[in-house]
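Worksheet: the structure to be examined is printed underneath.
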């Protein structure tokens with residue numbers, strides 16, 4: 001396959017096979033992002049009106065809390081927590097998953113965030129043995145999205161607290177400015193519980209009965225029954241990574257942790273090493289391309305960033321050693337995993353479950 005890179009962003013046909021290019025050399029990813037930009041991203045007066053409307057609506061239904069959100073210790077969720085509790089005066093119930101892989105910087109940031117006004121942080125520690133076994137199973141399966149166990153446990157916890165506190169609004173840190181380009185290849189839904197169980201049964205040990213997990217069907221049913229809404233307020237402001245970092249640093253001493261998704265050892269390993277060394281995917285390309293579309297950096301600046309090593313070898317070696325120790329995974333098995341054939345999540349799906357999922361999705365969609 002002849003190498004090709006978008007002339008507007010930095011996405012290419014190495015990082016993702018779903019990419020296409022038009023006659024001018026623009027890729028489908030940035031073209032689609034630009035097409036929907038004015039419909040989802042409002043860094044202007046219109047966004048301010050949307051924010052004020054949201055704040056007024058949430059406060060008008062005030063009980064013990066106005067909304068719920070997840071906290072990772074990274075910039076997006078931390079800045080949203082700052083805006084929500086400090087700037088907007090919302091009473092926030094927040095959920096953090098302590099999976100044992102938080103970096104020291106992340107721990108300090110979370111501690112600072114927990115002291116925000118009107119902010120109540122609940123920390124969930126998943127069953128260590130079962131979580132480790134599930135994570136190792138995903139590694140042995142050779143699938144790309146090793147973060148699925150983390151993400152699923154987080155949202156299972158969020159939905160649990162939503163229902164137990166009679167809350168309807170989940171404020172998400174997802175945003176257009178830094179995430180408008182997310183590649184379609186080498187990924188899978190974090191809510192596909194049948195996929196999770198299939199991988200664990202084939203490659204894991206023990207049970208998952210002590211892990212609070214959620215399926216996409218259960219999530220959709222809960223969303224319908226309890227009228228749960230997901231809102232991304234960072235799409236209603238001029239969300240600039242550098243400015244947000246400076247504002248947080250000034251307010252509470254927030255510390256930079258190195259880059260997108262690097263606030264957790266496991267996600268750092270996944271983003272910088274697992275995707276790159278096993279699947280040939282440089283995740284920086286989608287992150288930098290998103291910032292090009294939102295006008296935070298130029299393409300030339302992105303290319304200069306890509307010319308830098310994706311990770312520091314000594315630092316990554318320490319990260320891997322720490323992860324292997326926490327997972328009780330030997331270097332020998334890890335080397336076997338890294339050298340083995342890659343697989344996609346669809347290889348571990350049950351066909352009849354797909355049909356059932358489509359039927360239930362149609363029923364829920366029709367009911368809405």
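Only the coordinates and a few stated rules stand behind these numbers; no lab work does. Values in this document were obtained by computation on a predicted structure and should not be read as measured data. Virtual Cβ from ideal backbone geometry, glycine too; neighbours counted across all protein chains shown.
Side notes on the structure shown:
- Taking 0.36 nm per residue of sequence separation and removing the Cα-Cα distance, the residue 87/residue 332 pair yields an extension gain of 83.1 nm.
- Value of Rg to Rh for the range 1-85, rounded to two decimals, is 1.17; Kirkwood radius and Rg both from alpha-carbon coordinates.
- Footprinting exposure proxy for 312, 220 (fewest neighbouring C-beta atoms within 10 Å first): 312, 220
- Fewest-first ranking of 299, 241, 57, using other Cβ atoms within 10 Å as the exposure measure: 57, 299, 241
- Square roots of 5 times each gyration tensor eigenvalue, C-alpha, the chain, largest first, Å: 30, 27, 23
- Label point 7 Å beyond Cα of residue 242 along Cβ direction - residues of the range 302-335 with amide nitrogen under 15 Å: 302-305
- When you count the other C-beta atoms within 10 angstrom of each residue and take the mean per peptide, 287-297, 43-53 line up highest first as 287-297, 43-53.
- For the pair the range 96-115 and the range 237-308, the centres of their Cα atoms are 19 angstrom apart.
- Relative exposure of 88, 274, judged by other C-beta atoms within 10 Å (fewest first): 88, 274
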